[in-house]
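Asks: Here it is, the structure, as C-alpha coordinates.
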Amino acid sequence: MPTINRCIALVSDMNPAVDVDEISSEYDKPWNPTNPTNPTRTPDSSVCAMDPNLNIFAEHVQKVYPHCKFATQKVSSQNNIKRNGKLYVYHDTSPVCMGWIGYGDFTVADVSKPNKFIVVSRLIRNRSYHETTWQYNMAASRSLDMTLRTVQRYLRPYSPVEVATAYGKHCAAEWYTEENDIVYAITNKLNSIVGHDARDTLQHELVQLHKGGHIFSDPTLHTAVGELVDVVDIKKDTDNTRKASMSMVCISPDTSGKQTYSVCTVANIAATTMSSRAEGKFIFDGFYTDEDLPAELMDGLSTLSILEDGQYVRGVGYRHTNNLFYVARN
(Lines give C-alpha, C1' and ligand atoms only; values in the text may rest on other atoms or scores of the structure.)
Protein backbone atom coordinates (compact mmCIF):
# COMPACT_ATOMS: atom_id res chain seq x y z
CA MET A 1 0.00 0.00 0.00
CA PRO A 2 1.14 3.61 -0.46
CA THR A 3 2.61 5.19 2.64
CA ILE A 4 -0.16 7.80 2.60
CA ASN A 5 -3.79 6.69 2.38
CA ARG A 6 -5.44 9.40 0.30
CA CYS A 7 -8.74 7.48 0.03
CA ILE A 8 -9.87 7.32 3.63
CA ALA A 9 -12.63 9.74 4.62
CA LEU A 10 -14.69 10.05 7.78
CA VAL A 11 -18.44 9.63 7.51
CA SER A 12 -18.74 12.61 9.86
CA ASP A 13 -17.15 14.76 7.12
CA MET A 14 -20.01 13.94 4.74
CA ASN A 15 -23.31 15.65 4.07
CA PRO A 16 -26.48 13.74 5.04
CA ALA A 17 -27.04 10.52 3.10
CA VAL A 18 -28.19 10.99 -0.50
CA ASP A 19 -31.29 9.25 -1.81
CA VAL A 20 -30.12 7.78 -5.13
CA ASP A 21 -33.56 8.40 -6.63
CA GLU A 22 -33.08 12.11 -5.90
CA ILE A 23 -30.00 12.40 -8.07
CA SER A 24 -31.55 12.18 -11.52
CA SER A 25 -34.62 14.18 -10.50
CA GLU A 26 -32.37 17.05 -9.37
CA TYR A 27 -30.40 16.79 -12.61
CA ASP A 28 -33.53 17.33 -14.68
CA LYS A 29 -34.34 20.64 -12.98
CA PRO A 30 -33.03 23.90 -14.49
CA TRP A 31 -30.22 25.35 -12.41
CA ASN A 32 -30.23 28.99 -11.36
CA PRO A 33 -27.07 29.79 -9.31
CA THR A 34 -27.84 33.51 -9.01
CA ASN A 35 -31.40 33.33 -7.69
CA PRO A 36 -31.81 30.85 -4.80
CA THR A 37 -35.43 31.96 -4.30
CA ASN A 38 -36.34 30.62 -7.74
CA PRO A 39 -37.86 27.12 -7.35
CA THR A 40 -35.04 25.46 -9.25
CA ARG A 41 -31.95 23.51 -8.39
CA THR A 42 -29.29 25.65 -6.65
CA PRO A 43 -25.58 25.10 -5.91
CA ASP A 44 -26.44 24.38 -2.25
CA SER A 45 -28.03 21.08 -3.20
CA SER A 46 -25.74 18.22 -2.13
CA VAL A 47 -26.64 16.39 -5.35
CA CYS A 48 -26.70 19.37 -7.74
CA ALA A 49 -26.14 18.64 -11.42
CA MET A 50 -25.23 14.97 -10.97
CA ASP A 51 -25.43 12.93 -14.17
CA PRO A 52 -28.24 10.33 -14.27
CA ASN A 53 -25.56 7.75 -15.10
CA LEU A 54 -24.30 8.20 -11.55
CA ASN A 55 -27.80 7.40 -10.32
CA ILE A 56 -27.79 4.16 -12.33
CA PHE A 57 -24.30 3.35 -11.06
CA ALA A 58 -25.31 3.95 -7.42
CA GLU A 59 -28.42 1.78 -7.77
CA HIS A 60 -26.28 -1.13 -9.01
CA VAL A 61 -23.73 -0.62 -6.22
CA GLN A 62 -26.57 -0.77 -3.72
CA LYS A 63 -27.45 -4.21 -5.09
CA VAL A 64 -23.88 -5.30 -4.29
CA TYR A 65 -24.05 -3.73 -0.80
CA PRO A 66 -27.78 -3.62 0.12
CA HIS A 67 -27.14 -1.74 3.39
CA CYS A 68 -24.70 0.84 2.02
CA LYS A 69 -25.42 4.56 1.87
CA PHE A 70 -24.14 7.39 -0.35
CA ALA A 71 -23.08 10.93 0.52
CA THR A 72 -21.23 13.93 -0.84
CA GLN A 73 -18.36 15.56 1.01
CA LYS A 74 -18.89 18.76 2.99
CA VAL A 75 -17.37 21.43 0.74
CA SER A 76 -18.22 24.96 -0.32
CA SER A 77 -20.84 25.47 -3.02
CA GLN A 78 -18.22 26.37 -5.61
CA ASN A 79 -16.17 23.25 -4.94
CA ASN A 80 -19.34 21.19 -4.71
CA ILE A 81 -20.11 22.06 -8.33
CA LYS A 82 -16.69 20.80 -9.37
CA ARG A 83 -17.00 17.58 -7.39
CA ASN A 84 -20.63 16.75 -8.02
CA GLY A 85 -19.77 13.70 -10.12
CA LYS A 86 -18.87 11.51 -7.16
CA LEU A 87 -20.53 9.82 -4.21
CA TYR A 88 -18.85 8.37 -1.12
CA VAL A 89 -20.01 4.88 -0.16
CA TYR A 90 -20.31 3.86 3.49
CA HIS A 91 -22.11 1.75 6.09
CA ASP A 92 -23.54 3.07 9.36
CA THR A 93 -21.49 0.40 11.15
CA SER A 94 -18.17 2.08 10.27
CA PRO A 95 -16.84 5.60 10.98
CA VAL A 96 -15.12 5.76 7.57
CA CYS A 97 -16.26 5.42 3.97
CA MET A 98 -15.24 2.40 1.92
CA GLY A 99 -14.30 4.69 -0.96
CA TRP A 100 -16.19 6.57 -3.62
CA ILE A 101 -17.78 6.11 -7.02
CA GLY A 102 -18.22 8.62 -9.80
CA TYR A 103 -19.16 9.30 -13.38
CA GLY A 104 -17.33 11.83 -15.52
CA ASP A 105 -13.87 12.76 -16.79
CA PHE A 106 -11.49 12.41 -13.84
CA THR A 107 -8.27 12.38 -15.86
CA VAL A 108 -5.59 15.04 -15.52
CA ALA A 109 -5.12 15.49 -19.27
CA ASP A 110 -5.40 18.96 -20.80
CA VAL A 111 -7.87 17.65 -23.38
CA SER A 112 -11.20 16.37 -22.07
CA LYS A 113 -11.88 12.68 -22.54
CA PRO A 114 -15.09 10.60 -22.64
CA ASN A 115 -16.92 10.20 -19.35
CA LYS A 116 -16.30 6.97 -17.47
CA PHE A 117 -17.55 5.12 -14.43
CA ILE A 118 -15.06 5.55 -11.57
CA VAL A 119 -14.23 3.53 -8.46
CA VAL A 120 -11.71 4.79 -5.89
CA SER A 121 -10.49 2.43 -3.18
CA ARG A 122 -7.28 2.09 -1.16
CA LEU A 123 -7.02 -1.50 -2.53
CA ILE A 124 -6.73 -0.37 -6.17
CA ARG A 125 -3.29 0.19 -7.74
CA ASN A 126 -3.39 2.24 -10.95
CA ARG A 127 0.20 2.28 -12.20
CA SER A 128 -0.64 4.98 -14.75
CA TYR A 129 -0.42 7.50 -11.89
CA HIS A 130 2.13 8.18 -9.18
CA GLU A 131 1.34 6.60 -5.82
CA THR A 132 1.21 10.00 -4.10
CA THR A 133 -1.84 11.04 -6.18
CA TRP A 134 -5.42 9.97 -5.52
CA GLN A 135 -5.71 8.66 -9.11
CA TYR A 136 -3.29 5.89 -8.09
CA ASN A 137 -6.30 4.33 -6.31
CA MET A 138 -8.72 4.90 -9.20
CA ALA A 139 -10.17 2.41 -11.66
CA ALA A 140 -12.11 3.80 -14.65
CA SER A 141 -14.13 2.17 -17.40
CA ARG A 142 -16.84 3.08 -19.88
CA SER A 143 -18.41 -0.30 -19.13
CA LEU A 144 -20.80 -0.35 -16.17
CA ASP A 145 -20.56 -4.15 -15.86
CA MET A 146 -16.76 -4.04 -15.70
CA THR A 147 -16.86 -1.26 -13.11
CA LEU A 148 -19.32 -3.20 -10.97
CA ARG A 149 -16.91 -6.14 -10.96
CA THR A 150 -14.27 -3.73 -9.69
CA VAL A 151 -16.66 -2.57 -6.97
CA GLN A 152 -17.22 -6.17 -5.84
CA ARG A 153 -13.50 -6.85 -5.73
CA TYR A 154 -12.03 -3.67 -4.31
CA LEU A 155 -14.67 -1.56 -2.53
CA ARG A 156 -14.30 -3.07 0.92
CA PRO A 157 -14.93 -1.86 4.50
CA TYR A 158 -11.92 -0.74 6.53
CA SER A 159 -10.83 -3.03 9.35
CA PRO A 160 -10.53 -1.61 12.89
CA VAL A 161 -6.73 -1.86 12.62
CA GLU A 162 -6.75 0.18 9.39
CA VAL A 163 -8.90 2.88 11.03
CA ALA A 164 -6.71 2.93 14.15
CA THR A 165 -3.52 3.23 12.09
CA ALA A 166 -4.91 5.92 9.77
CA TYR A 167 -5.95 8.30 12.54
CA GLY A 168 -3.44 7.26 15.23
CA LYS A 169 -1.02 9.84 13.82
CA HIS A 170 -3.24 12.62 15.23
CA CYS A 171 -3.06 11.13 18.71
CA ALA A 172 0.70 10.57 18.34
CA ALA A 173 1.18 14.20 17.29
CA GLU A 174 -0.52 15.45 20.46
CA TRP A 175 1.51 13.00 22.55
CA TYR A 176 4.73 14.27 20.97
CA THR A 177 3.72 17.92 21.26
CA GLU A 178 3.39 17.70 25.04
CA GLU A 179 6.76 15.93 25.32
CA ASN A 180 8.51 18.40 23.03
CA ASP A 181 7.04 21.45 24.75
CA ILE A 182 8.48 20.36 28.10
CA VAL A 183 11.88 19.42 26.64
CA TYR A 184 12.10 22.75 24.84
CA ALA A 185 11.18 24.61 28.02
CA ILE A 186 14.01 22.92 29.92
CA THR A 187 16.46 23.56 27.08
CA ASN A 188 15.54 27.22 26.87
CA LYS A 189 15.96 27.71 30.62
CA LEU A 190 19.34 25.98 30.58
CA ASN A 191 20.51 27.94 27.56
CA SER A 192 19.64 31.15 29.37
CA ILE A 193 22.09 30.08 32.09
CA VAL A 194 24.93 28.52 30.10
CA GLY A 195 25.72 26.90 26.76
CA HIS A 196 25.32 23.23 25.86
CA ASP A 197 28.63 22.03 27.38
CA ALA A 198 28.15 19.87 30.48
CA ARG A 199 24.47 20.80 30.45
CA ASP A 200 23.13 17.63 32.15
CA THR A 201 25.63 17.83 34.99
CA LEU A 202 24.97 21.50 35.48
CA GLN A 203 21.20 20.97 35.49
CA HIS A 204 21.46 18.41 38.28
CA GLU A 205 23.76 20.56 40.41
CA LEU A 206 21.67 23.71 39.99
CA VAL A 207 18.44 21.93 40.88
CA GLN A 208 19.98 20.38 44.00
CA LEU A 209 21.42 23.71 45.11
CA HIS A 210 18.13 25.53 44.69
CA LYS A 211 16.11 22.85 46.47
CA GLY A 212 18.65 22.88 49.29
CA GLY A 213 17.87 26.53 49.94
CA HIS A 214 20.93 28.04 48.26
CA ILE A 215 20.56 31.70 47.33
CA PHE A 216 22.44 32.61 44.16
CA SER A 217 24.20 35.96 44.40
CA ASP A 218 22.93 37.01 40.98
CA PRO A 219 19.14 37.62 41.32
CA THR A 220 18.58 36.95 37.61
CA LEU A 221 20.38 33.60 37.87
CA HIS A 222 18.47 32.70 41.04
CA THR A 223 15.13 33.40 39.28
CA ALA A 224 16.19 31.44 36.19
CA VAL A 225 17.24 28.42 38.27
CA GLY A 226 13.94 28.57 40.18
CA GLU A 227 12.04 28.45 36.89
CA LEU A 228 14.23 25.56 35.78
CA VAL A 229 13.35 23.63 38.96
CA ASP A 230 9.64 24.18 38.28
CA VAL A 231 9.92 22.85 34.72
CA VAL A 232 11.99 19.82 35.80
CA ASP A 233 9.35 18.98 38.42
CA ILE A 234 6.64 19.27 35.79
CA LYS A 235 8.53 16.85 33.56
CA LYS A 236 8.87 14.34 36.41
CA ASP A 237 5.14 14.57 37.08
CA THR A 238 4.40 14.28 33.37
CA ASP A 239 6.63 11.23 32.97
CA ASN A 240 4.80 9.56 35.86
CA THR A 241 1.35 10.16 34.36
CA ARG A 242 1.99 9.88 30.61
CA LYS A 243 0.96 6.56 29.11
CA ALA A 244 2.40 5.43 25.80
CA SER A 245 0.09 2.43 25.38
CA MET A 246 -3.18 3.41 23.69
CA SER A 247 -6.31 1.62 22.57
CA MET A 248 -8.34 2.92 19.67
CA VAL A 249 -12.02 2.54 20.48
CA CYS A 250 -14.47 2.95 17.61
CA ILE A 251 -18.12 3.18 18.62
CA SER A 252 -20.72 2.14 16.05
CA PRO A 253 -24.03 0.31 15.84
CA ASP A 254 -24.15 -3.29 14.66
CA THR A 255 -26.69 -4.53 12.12
CA SER A 256 -29.35 -4.74 14.83
CA GLY A 257 -28.68 -1.18 15.98
CA LYS A 258 -26.96 -2.18 19.23
CA GLN A 259 -23.89 -0.12 20.19
CA THR A 260 -20.59 -1.96 19.73
CA TYR A 261 -16.96 -1.09 20.40
CA SER A 262 -14.14 -2.22 18.10
CA VAL A 263 -10.82 -2.05 19.94
CA CYS A 264 -7.21 -2.04 18.71
CA THR A 265 -4.19 -1.51 20.98
CA VAL A 266 -0.67 -0.23 20.33
CA ALA A 267 2.17 -0.61 22.84
CA ASN A 268 3.67 2.80 22.09
CA ILE A 269 1.59 5.49 20.37
CA ALA A 270 4.75 7.51 19.74
CA ALA A 271 6.11 4.68 17.59
CA THR A 272 3.13 4.65 15.21
CA THR A 273 4.95 7.11 12.96
CA MET A 274 7.81 4.60 12.61
CA SER A 275 6.43 1.77 10.48
CA SER A 276 9.41 -0.52 11.09
CA ARG A 277 8.94 -0.71 14.87
CA ALA A 278 6.75 -3.55 16.16
CA GLU A 279 5.73 -1.56 19.24
CA GLY A 280 4.07 0.97 16.91
CA LYS A 281 1.71 -1.55 15.29
CA PHE A 282 -1.94 -1.63 16.29
CA ILE A 283 -3.22 -5.10 17.26
CA PHE A 284 -6.92 -5.92 17.00
CA ASP A 285 -8.33 -6.86 20.41
CA GLY A 286 -11.92 -7.60 19.41
CA PHE A 287 -15.47 -6.31 19.38
CA TYR A 288 -17.21 -5.47 22.66
CA THR A 289 -20.60 -4.35 23.96
CA ASP A 290 -21.59 -2.27 26.97
CA GLU A 291 -21.69 -5.47 29.00
CA ASP A 292 -18.11 -6.68 28.39
CA LEU A 293 -16.07 -3.56 27.49
CA PRO A 294 -13.12 -3.42 29.96
CA ALA A 295 -13.74 -0.96 32.81
CA GLU A 296 -10.47 0.86 32.05
CA LEU A 297 -11.73 1.70 28.56
CA MET A 298 -15.21 2.59 29.74
CA ASP A 299 -13.76 5.02 32.31
CA GLY A 300 -11.52 6.62 29.69
CA LEU A 301 -14.40 7.02 27.25
CA SER A 302 -16.56 8.71 29.89
CA THR A 303 -13.91 11.43 30.26
CA LEU A 304 -12.98 11.76 26.58
CA SER A 305 -16.62 11.96 25.47
CA ILE A 306 -16.99 15.43 27.02
CA LEU A 307 -13.93 16.83 25.22
CA GLU A 308 -13.81 18.64 21.90
CA ASP A 309 -12.73 16.83 18.72
CA GLY A 310 -8.93 16.83 18.43
CA GLN A 311 -8.39 17.33 22.18
CA TYR A 312 -5.74 15.35 24.10
CA VAL A 313 -5.51 14.84 27.87
CA ARG A 314 -2.36 13.35 29.37
CA GLY A 315 -2.95 9.99 31.01
CA VAL A 316 -6.50 9.77 29.61
CA GLY A 317 -6.22 9.81 25.84
CA TYR A 318 -7.33 11.61 22.68
CA ARG A 319 -10.72 12.29 21.09
CA HIS A 320 -10.63 12.34 17.29
CA THR A 321 -14.39 12.44 16.63
CA ASN A 322 -17.54 11.67 18.59
CA ASN A 323 -17.18 7.95 17.82
CA LEU A 324 -13.40 7.51 17.43
CA PHE A 325 -11.17 7.67 20.54
CA TYR A 326 -7.68 6.69 21.68
CA VAL A 327 -7.76 5.66 25.34
CA ALA A 328 -4.56 5.55 27.44
CA ARG A 329 -3.83 2.14 28.98
CA ASN A 330 -1.97 1.19 32.14
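The values are calculated or read from the model by the stated rules, or taken from the named source; none is laboratory data. Just so it is clear, the model here is predicted, and its values are computed rather than measured. Using ideal geometry, Cβ is built from the backbone for each residue, glycine included, and neighbour counts are taken over all protein chains shown.
Asks: For the range 204-219: of the residues being of a type outside the set (A, V, I, L, M, F, W, C), assigned to a helix (DSSP H, G or I) and in contact with a helix residue (DSSP H, G or I) (Cβ under 9 Å, 6 or more places away or on another chain), which is surrounded by the most Cβ atoms within 10 Å (Cβ to Cβ)?
Replies: Residues of the range 204-219 of a type outside the set (A, V, I, L, M, F, W, C): 204-205, 208, 210-214, 217-219.
Restricting the remaining residues to those that are assigned to a helix (DSSP H, G or I) gives 204-205, 208, 210-211, 219.
Next cut, in contact with a helix residue (DSSP H, G or I) (Cβ under 9 Å, 6 or more places away or on another chain) only: 210-211.
Working: 210: 18, 211: 12.
My answer is 210.
Asks: Hey, among the residues in the range 2-23 that are crowded, with 20+ Cβ neighbours inside 10 Å and assigned to a helix (DSSP H, G or I), which one's modelled with the lowest pLDDT?
Replies: Only one residue fits best here, namely 23.
Asks: Could you tell me whether any residue of the range 168-175 is under 27 Å from residue 266 (Cα atoms), among the charged types (D, E, K, R), in contact with a helix residue (DSSP H, G or I) (Cβ under 7 Å, 6 or more places away or on another chain) and touching a residue at least 60 places away in the same chain (Cβ under 8 Å)?
Replies: So far as the range 168-175 goes, yes, one or more of its residues are under 27 Å from residue 266 (Cα atoms), among the charged types (D, E, K, R), in contact with a helix residue (DSSP H, G or I) (Cβ under 7 Å, 6 or more places away or on another chain) and touching a residue at least 60 places away in the same chain (Cβ under 8 Å).
Asks: Looking only at the range 238-278, which residues are without any contact (Cβ under 8 Å) to a residue 24 or more places away in the chain and more than 18 Å from residue 161 (Cβ to Cβ)?
Replies: Correct list: 239, 240, 256, 257.
Asks: May I ask you to verify whether residue 122 is closer than 25 Å to residue 167 by Cα, surrounded by fewer than 16 Cβ atoms within 10 Å (Cβ to Cβ) and among the basic types (Lys, Arg)?
Replies: The answer is no for residue 122.
Asks: Among the residues in the range 261-276, are any in a loop (DSSP other than H, G, I, E, B) and hydrophobic (A, V, I, L, M, F, W, C)?
Replies: Yes, there is a match, as at least one residue in the range 261-276 is in a loop (DSSP other than H, G, I, E, B) and hydrophobic (A, V, I, L, M, F, W, C).
Asks: Look through the range 90-107, keep the residues that are part of a strand (DSSP E or B) and of a type in the set (Ser, Thr, Tyr), and return whichever of them is farthest from residue 10 (Cα to Cα).
Replies: Out of the qualifying residues, it is 103.
Asks: Let me ask another. How about the range 45-84: which of its residues are at pLDDT 90 or above, of a type outside the set (Ser, Thr, Tyr) and not in a helix (DSSP H, G or I)?
Replies: Answer for the range 45-84, where residues must be at pLDDT 90 or above, of a type outside the set (Ser, Thr, Tyr) and not in a helix (DSSP H, G or I): 66, 67, 68, 69, 70, 71.
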